[in-house]
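This is the structure, below, for whatever I ask next.
The values are calculated or read from the model by the stated rules, or taken from the named source; none is laboratory data. Given the structure is predicted, the values throughout are model-derived calculations rather than measurements. Cβ atoms come from the backbone with ideal geometry, glycine included; neighbour counts cover every protein chain shown.
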Amino acid sequence: MQLRRVRIRNFRNFGDVVIDPFPTPAVVVGENGVGKSNLLYALRLVLDPDMPDRRRLIQADDVHDAAPSLAEGAEVSVEVELAGFDDDVNARSELDGAIVSLEPLVARLTYLYRPKQSLASLSGRGEEEPLTPDDYEWTIYGGTDPRNTMLGAKRYAALSVLPALRDAESDLARADRSPLTNLLRELPPSQDSIDKTLQTMREARQALGEDPNVQQVAALIRNRLNTMAGPRLRLEPSLAFAGRDEDLLRSIRLFIDAEATRGIDRTSTGTANVLYLALLLERLRLRRAAEEGEDTLLAVEEPEAHLHPTLQRHLFAHLLGEPNRLVLTTHSPHIAAVTPLPSLVLLLETQAGTVARVVPPGLFTPAEQTDLERYLNVNRAEILFAQHVVFVEGTAEAYLLPALARAAGFDLDAYGIVVASIDGTDFAPYAKLLGPNGLNRPFSLLTDGDATDTDEKEKYRREPGLSRALQLHSYLADPSDTAAFALELVEVQGVNLPVGGGPRPGRQQLVEKAATLGVFVGPDTLESDIASLLEQEMTAAFDEIVPGAQRRSNFAQALRAVAAGPSTDEQRQKVISQIERAPVSKGRFAQRLSGHVEHLDLPLRIRQQLGRAPHLPVSHNDLLGMAGSGPVLALLDQLRRSYQGKPLVPVQGEHEPVDGTEAGTRQ
């Protein structure tokens, strides 16, 4: 049995949130305070057989802020749909009254907290008198009729939650709390073994009891009691082994070495947590396999606690690859990195309350899904936790964009903005993942224009950067806008590049249209695009890492020609080839360049490039229209306006907002 769909209304963070489909296994990610623990608590209201009834009574602060209060007649509900029990006769019988679909077979259970339907207790009260908790009742019902009470169903479709602030070491040391005891009850020693062990222990007890020191201790206890309480207490204490079957099981302890000399207290907290989780999972497996077994769903809060990142990745890659009923809530990018995309549940805070997003089935081709999961595993799982993601082609952009932002006084990390290199040019899967049909998260893309000429038969290859923008257009814009963009691109591609350098006629209009969707297309490649803006910093960085006066001179000469602009394709290639022929990579060059860039006064440099006085504003379109570096700067301007509430190039004397007080989030 598995969760298929969840809906929570008016409970804590959740105004009205639907998770459909609810994945199995599920990994719930999100920022602090977004409601991951509250999601598990909501599920417990319906499915936890061990939750005391008093804890199912909603308090005033449990009601969502936008809902009517308890005094005003609030209704709180948690609706879960269960599937995967088609071949389980016992489950079908137990959930018969809750079936809402036969193809596929689905049962629905709902926790409902609302004012009592019988108003007899309210007789004599004024109509305006507020309700109190005594005027409320809760129920768990099956199907669609609240009168169809099914309180017992939660004992079959059960939920067990392992909290974040758990003390695994202490629980493992106590037989009444240890999952080892429950596991041994599922697979107990044979009765013959128990009988033989007890007989041996009785013989040992008898021998121990005959020891003079043991007899003396018993006599001392008796004498002390008689002295303290007199003969009326009628106690005859003795020392012996309590030899019941249950005591024998409870006396078994878990050791961490083969010689049974080192107990749980001799290992780390993280290792104790792993042992604890292993015992729980194994016991649940046995219970599910039993003829009359229970089909428990296990939820674990923050399983990464005290675990080394490498162990997190290995352990949860294994667990999430198994067909289990596991739900994890986590902040760990290491766990998120090994999570299959269909298992992700992303919780996000909005003005209307927390919302949940999952990757819809069929969004990706199998190849795209495999590539994305490999990317998250190896590169940047942080994109799942970011407020905004900027996808770029390579490591050079990943180094330089944050440095340029810092040079303008804008720290991307402070606003949760992640620059993620995809190590290529196929942005489509990433746009699908974060686009409106996927997780629907704010993101931007920066891609090279790579403008070039080709023969007449291959004109469509002349503007590969804008062609990538067209492909992304289909995921982000209205189909009619995409068709218009495509027609304009064909016209632009039909014109050869100007002989003296510069863009094709009509190209800038397409760059501006793409930018409105968050897709920023440079003229050529990053290194040549930023030459006019950062000529002196690029020269200094090259001189630091490349030996030889002649090579340095050749680079400076090639860079100067491009920086003077407009430049030809041949001139731009000279700059790139000088970097690529050096004993460093483009990424290494960008890394050194970033150290120079982050210390310059970027707003001043931009004004110098534009010839704009300090008291005059610099608009977003001003930046986008700058030769070479315009799209890069316009991207940073858009981010800063959205998250810090000011332009990339403020007017002299413009009020500086305090970080966080004016920051917005562009959805």
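Report the residue count in the range 567-588 for those that are closer than 17 Å to G501 by Cβ and of a type in the set (K, R).
Filtering the range 567-588 down to residues closer than 17 Å to G501 by Cβ leaves 567-576.
With of a type in the set (K, R) added as a condition, the list becomes 572, 574.
Total meeting the criteria: 2.
Can you name every one of the helices (runs of 4 or more DSSP H) wholly within the range 179-231 that holds 2 or more residues which are among the acidic types (D, E) and at negative phi?
Result: 191-209.
Taking V562, is it part of a helix (DSSP H, G or I), β-branched (V, I, T) and under 30 Å from Q509 (Cβ atoms)?
Answer is yes for this residue.
Right, next: Can you name every residue in the range 395-434 that is touching a strand residue (DSSP E or B) at 6+ places or on another chain (Cβ under 8 Å) and over 19 Å from L633 (Cβ atoms)?
T395, G416, V418, A420, S421, I422, T425, F427, Y430, A431, L434
Would you tally the residues in the range 520-549 being aliphatic (A, V, I, L, M), more than 23 Å from D448 (Cα to Cα) and assigned to a helix (DSSP H, G or I)?
3
Return yes when T447 is polar (S, T, N, Q), under 25 Å from L633 (Cα atoms), surrounded by 16 or more Cβ atoms within 10 Å (Cβ to Cβ) and out of contact with any His (no Cβ under 7 Å at 6 or more places or on another chain) and no when it is not.
Against the criterion (polar (S, T, N, Q), under 25 Å from L633 (Cα atoms), surrounded by 16 or more Cβ atoms within 10 Å (Cβ to Cβ) and out of contact with any His (no Cβ under 7 Å at 6 or more places or on another chain)), T447 qualifies.
Taking D265 as meeting all but one of (1) touching a helix residue (DSSP H, G or I) at 6+ places or on another chain (Cβ under 7 Å); (2) at pLDDT below 85; (3) surrounded by 18 or more Cβ atoms within 10 Å (Cβ to Cβ); (4) part of a helix (DSSP H, G or I), write down the number of the exception.
(3)
Okay, next question. Just one of the numbered conditions (1) assigned to a helix (DSSP H, G or I); (2) surrounded by 16 or more Cβ atoms within 10 Å (Cβ to Cβ); (3) in the same structural domain as V597 (by TED's automatic domain parsing); (4) at pLDDT below 95 is not true of R552; which one?
Tallying (1) assigned to a helix (DSSP H, G or I); (2) surrounded by 16 or more Cβ atoms within 10 Å (Cβ to Cβ); (3) in the same structural domain as V597 (by TED's automatic domain parsing); (4) at pLDDT below 95, R552 fails exactly one: (3).
Being crowded, with 20+ Cβ neighbours inside 10 Å and of a type outside the set (G, A, S) is the filter here; which residues of the range 381-397 pass it?
I383, L384, H388, V389, V390, F391, V392, E393, E397
Further question on the same structure: If the requirement is being assigned to a loop (DSSP other than H, G, I, E, B), of a type outside the set (S, T, Y) and in the same structural domain as F11 (by TED's automatic domain parsing), which of these qualifies: D61, D65?
Just one listed residue meets the conditions, D65.
Return the total of residues in the range 214-247 being among the basic types (K, R), modelled with pLDDT of 75 or more and either under 30 Å from S178 (Cβ atoms) or in contact with a Lys or Arg (Cβ under 6 Å, 6 or more places away or on another chain) (or both).
Going through the range 214-247 one residue at a time, the tally reaches 0.
Conditions (1) modelled with pLDDT of 90 or more; (2) closer than 27 Å to H388 by Cα; (3) crowded, with 21+ Cβ neighbours inside 10 Å, marked per residue:
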| position | (1), (2), (3) |
| --- | --- |
| E31 | no, yes, no |
| K36 | yes, yes, yes |
| A42 | yes, no, yes |
| P49 | no, no, no |
| R56 | yes, no, no |
| P68 | yes, no, no |
| G73 | yes, no, no |
| L82 | yes, no, yes |
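Have a look at R441, R406 and point out the one that is of a type in the set (K, R) and either free of Cβ contacts under 8 Å to residues at least 24 places away in the same chain or more than 28 Å from F316 (Cα to Cα) (or both).
Matching residue, one of R441, R406: R406.
Being at pLDDT 90 or above and part of a loop (DSSP other than H, G, I, E, B) is the filter here; which residues of the range 1-23 pass it?
So in the range 1-23, the residues at pLDDT 90 or above come out as 3-23.
Selection gives R12, N13, D20, P21, F22, P23.
Quickly run through the range 419-454 and pick out the residues that are hydrophobic (A, V, I, L, M, F, W, C), over 21 Å from A356 (Cα atoms) and outside any helix (DSSP H, G or I).
Hits for the range 419-454 are V419, A420, I422, F427, L445, L446, A451.
If you go through the range 190-213 one residue at a time, do you hit one that is in contact with a Pro (Cβ under 6 Å, 6 or more places away or on another chain), assigned by TED's automatic domain parsing to the domain that holds R285 and surrounded by 10 or more Cβ atoms within 10 Å (Cβ to Cβ)?
Scanning the range 190-213, I find no residue that is in contact with a Pro (Cβ under 6 Å, 6 or more places away or on another chain), assigned by TED's automatic domain parsing to the domain that holds R285 and surrounded by 10 or more Cβ atoms within 10 Å (Cβ to Cβ), so the answer is no.
Considering only residues that are of a type in the set (V, I, T) and either surrounded by fewer than 19 Cβ atoms within 10 Å (Cβ to Cβ) or outside any helix (DSSP H, G or I) (or both), which ones fall in the range 592-646?
Of everything in the range 592-646, just one residue is of a type in the set (V, I, T) and either surrounded by fewer than 19 Cβ atoms within 10 Å (Cβ to Cβ) or outside any helix (DSSP H, G or I) (or both), namely V618.
Moving on. Collect the residues in the range 340-368 that are surrounded by fewer than 16 Cβ atoms within 10 Å (Cβ to Cβ) and in a helix (DSSP H, G or I), keeping them in residue-number order.
The answer is P366, A367.
If the requirement is being surrounded by fewer than 20 Cβ atoms within 10 Å (Cβ to Cβ) and modelled with pLDDT of 95 or more, which of these qualifies: E544, E512?
E512
OK, next. More than 25 Å from A405 (Cβ to Cβ) and of a type in the set (S, T, Y), is that true of S577? Let's see the steps before the verdict.
Values: more than 25 Å from A405 (Cβ to Cβ): yes; of a type in the set (S, T, Y): yes.
Considered against the rule, which asks whether it is more than 25 Å from A405 (Cβ to Cβ) and of a type in the set (S, T, Y), S577 comes out as yes.
I'm trying to understand the selection: among the residues of the range 84-100, which are buried (at least 18 other Cβ atoms within 10 Å of the Cβ) and not small (G, A, S)?
F85, E94, L95
Keeping to the range 607-632, report how many residues are touching a residue at least 60 places away in the same chain (Cβ under 8 Å), more than 13 Å from S532 (Cα to Cα) and in contact with a helix residue (DSSP H, G or I) (Cβ under 6 Å, 6 or more places away or on another chain).
1
One line per residue, one yes/no per condition, for (1) aliphatic (A, V, I, L, M); (2) modelled with pLDDT of 95 or more:
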residue: D569; (1), (2): no, no
residue: V575; (1), (2): yes, no
residue: I606; (1), (2): yes, yes
residue: G611; (1), (2): no, no
residue: H615; (1), (2): no, no
residue: H620; (1), (2): no, yes
residue: L633; (1), (2): yes, yes
residue: L639; (1), (2): yes, yes
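For the range 380-431, which positions are among the basic types (K, R) and modelled with pLDDT of 95 or more?
So in the range 380-431, the residues among the basic types (K, R) come out as 380, 406.
The answer is R406, and nothing else.
To continue, here is another question. Do we find a residue being of a type in the set (D, E), buried (at least 17 other Cβ atoms within 10 Å of the Cβ) and at pLDDT 75 or above anywhere in the range 287-297?
No, that holds for no residue.
I would also like to ask the following. What's the number of the only condition in (1) over 18 Å from V418 (Cα atoms); (2) crowded, with 21+ Cβ neighbours inside 10 Å; (3) out of contact with any strand residue (DSSP E or B) (no Cβ under 9 Å at 6 or more places or on another chain) that A337 fails to meet?
(1)
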